[in-house]
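The values are calculated or read from the model by the stated rules, or taken from the named source; none is laboratory data. The model shown is predicted, which means the values in this text are computed figures rather than measured ones. Quick reminder, even Gly has a Cβ in these numbers, built from the backbone with ideal geometry, and neighbours come from all protein chains shown. Only protein heavy atoms, including side chains, enter the accessible area calculation; ligands, DNA and RNA are left aside. Shrake-Rupley method; radii C 1.70, N 1.55, O 1.52, S 1.80 Å.
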Amino acid sequence: MSNIREVARVAGVSVATVSRALSHPEKVSPASMKKVKQAIEEVNYRPNMLARNFRSAKAYSIVVLVPDIANPFFSLVIRAIEDQAQKRGYAVLLGDTQDSGAKEKEYIRLVETRLADGIIQLRPHSPDAPTNKALGLPYINLCGTEDTPGPCIRIDNVLASKNMVDYLISLGHKRIGIITGLRGNPHTMDRMKGYKQSLAEAGIEFDERLIAEGEYSIWSGVNAANKLCGLDKPPTAIMCMNDEMAIGAVQSLKSHGHAVPQDISVTGFDDIDYARYCDPPLTTISQPAEDMGKIAVDLLLRLIEGEELSKEEHVLPYDFIVRKSTDKAKAS
């Protein structure tokens, strides 16, 4: 069976360099890392991870808490997290919490008992959830919102939502419906805030009847759009708080005989893969899922190493993507 010394000999580097490449790859030059990887493949070396973890008192794994593992946007973020974690020598444990506080506690216990080293939380922080300081564990909130305590990575959901409504208003829309997520969800609250700000700045009166509550799923988008279609005076545009609900809304509108966007414009949020391929392709907000995942891993590993973060909140830029689901309002 091959060992670390054989890897070092074939790679032409020291045993210490091979050891560093396995435990702290970020501290090894790309050239040396390439040699070590090639040598590992050549001699078919399989490092004893259990021994490594025992020596370092680390599990070399992180827990990612996902409120809904079926959500396509979360899958993009998780892919980026796993890619970055593997590059740094860490495994990723996925915890599908289904928005359950009890299930979250079970996965947090893995870190408390040293079966994992830190946590990346994909659910936005809510007032009843423990803070990272209260937990006393390496903890990053990814996909956060305004006023998230502790290390947080997010976009400006308020501004993104406002930009979307501003755009619809620029097309001549004044009766703009909105399909929300569950009203207690922090993302829902931030995006609703942006919606209201845009209407207020344009001098358009806020109308509670134009709000239809969803739950960030396609089916809830269908149901919410059915409600808006049933109004005596339906909206000329509908802003949806995620792409899945927007896709459901488009199908509902078509079933009611409305053409999108000729009769009613529809917008989404997230820019999941399906957004560009549905009919019509969605105008939406694109969140930087890959960058969010990579930054979350880098920050978490710094916390695991005992570093103090000089900056806790990271607000990343988003892209506004105009496609064919929006058009000028029809002349009344």
Apply the Karplus curve 6.51 cos²θ - 1.76 cosθ + 1.60, θ = phi - 60°, to the phi angles in the stretch 271-283 and return the couplings in whole Hz, x for Gly and Pro.
6, 5, 4, 5, 4, 8, 10, 6, 10, x, x, 7, 6
Select from the stretch 240-332 those chymotrypsin sites (Phe, Trp or Tyr not before Pro) which occupy a DSSP coil region and have at most 10 other Cβ atoms within 10 Å, ordered by residue number.
Tyr277
Sparse-neighbourhood loop sites, GluC sites (Glu not before Pro) in the stretch 241-323 - DSSP loop, at most 12 other Cβ within 10 angstrom
Glu305, Glu307, Glu308
With springs only between Cα atoms under 10 Å, which of Ile218, Ile179, Ile40 fluctuates most in a Gaussian network model of the chain?
Ile40
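How much space per residue, in cubic angstrom, does the convex hull of the C-alpha atoms of the chain take up? Mind dumping the intermediate values first?
Details: hull volume 50.1 nm³, N = 332.
It comes to 151 Å³ per residue, whole-number rounded.
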I need the phi-derived Karplus couplings for the stretch 263-269: 6.51 cos²θ - 1.76 cosθ + 1.60, θ = phi - 60°, integer Hz, Gly and Pro marked x.
8, 9, 7, 9, 10, x, 6
Restricting to Cα pairs under 8 Å and 6 or more apart, the percent relative contact order of the chain works out to 16 percent
Would you mind pulling out the separation of the Cα centroids of the stretch 175-225 and the stretch 140-167, in Å?
16 Å
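Computed from the mean reciprocal separation of all distinct C-alpha pairs, what Kirkwood hydrodynamic radius does the stretch 197-332 have, in Å?
Working: mean 1/r = 0.0598 Å⁻¹.
This gives a value of 16.7 Å.
In whole percent, how big is the carbon plus sulfur part of the accessible area of the chain, probe 1.4 Å, protein atoms only? Provide the component values of the computation, followed by the final result.
Details: 8140 of 16080 Å².
Answer for the chain: carbon and sulfur cover 51 percent of the accessible area.
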dims of the stretch 175-229, Cα set, principal axes, largest to smallest, nearest Å -> 33, 26, 13
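Once R0 is set to 22 Å, what does the formula 1/(1 + (r/R0)^6) return for the Cβ-Cβ distance between Asp319 and Ile204, expressed as a FRET efficiency to the nearest 0.05?
Details: r = 26 Å, r/R0 = 1.17.
Calculated value: 0.30.
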Taking the radius of gyration and the Kirkwood hydrodynamic radius from Cα positions alone, what is the Rg/Rh ratio for the stretch 148-272, to two decimal places?
0.96
Heavy atoms of Asp99 accessible to a 1.4 Å probe, total area in Å² rounded to 10:
100 Å²
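Which percentage, to the nearest 5, of the DSSP beta bridges contained in the chain is antiparallel? Numbers along the way, then the final one.
Values: 3 of 33 bridges.
Looking only at bridges with both residues in the chain, the antiparallel portion is about 10 percent.
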Over the stretch 57-158, the quotient of the Cα radius of gyration and 2.2 N^0.38 Å is 1.01
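With every protein chain left in place, what is the accessible area per residue of the stretch 275-317 in square angstrom, probe 1.4 Å? Before the final figure, lay out the partial values.
Numbers: 2110 Å² over 43 residues.
Ligands and nucleic acids excluded, the figure is 49 Å² per residue.
Just list whichever of Lys193/Lys233; Lys174/Lys294; Lys34/Lys105; Lys196/Lys227; Lys193/Lys330; Lys37/Lys294 have alpha carbons separated by over 30 Å in the model shown. Write out the running numbers ahead of the final one.
Working: Lys193/Lys233 24 Å; Lys174/Lys294 40 Å; Lys34/Lys105 40 Å; Lys196/Lys227 20 Å; Lys193/Lys330 27 Å; Lys37/Lys294 22 Å.
As for pairs spanning more than 30 Å Cα to Cα, those are Lys174/Lys294; Lys34/Lys105.
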So, for the stretch 123-223, what is the accessible surface per residue at a probe of 1.4 Å, expressed in square angstrom?
43 Å²
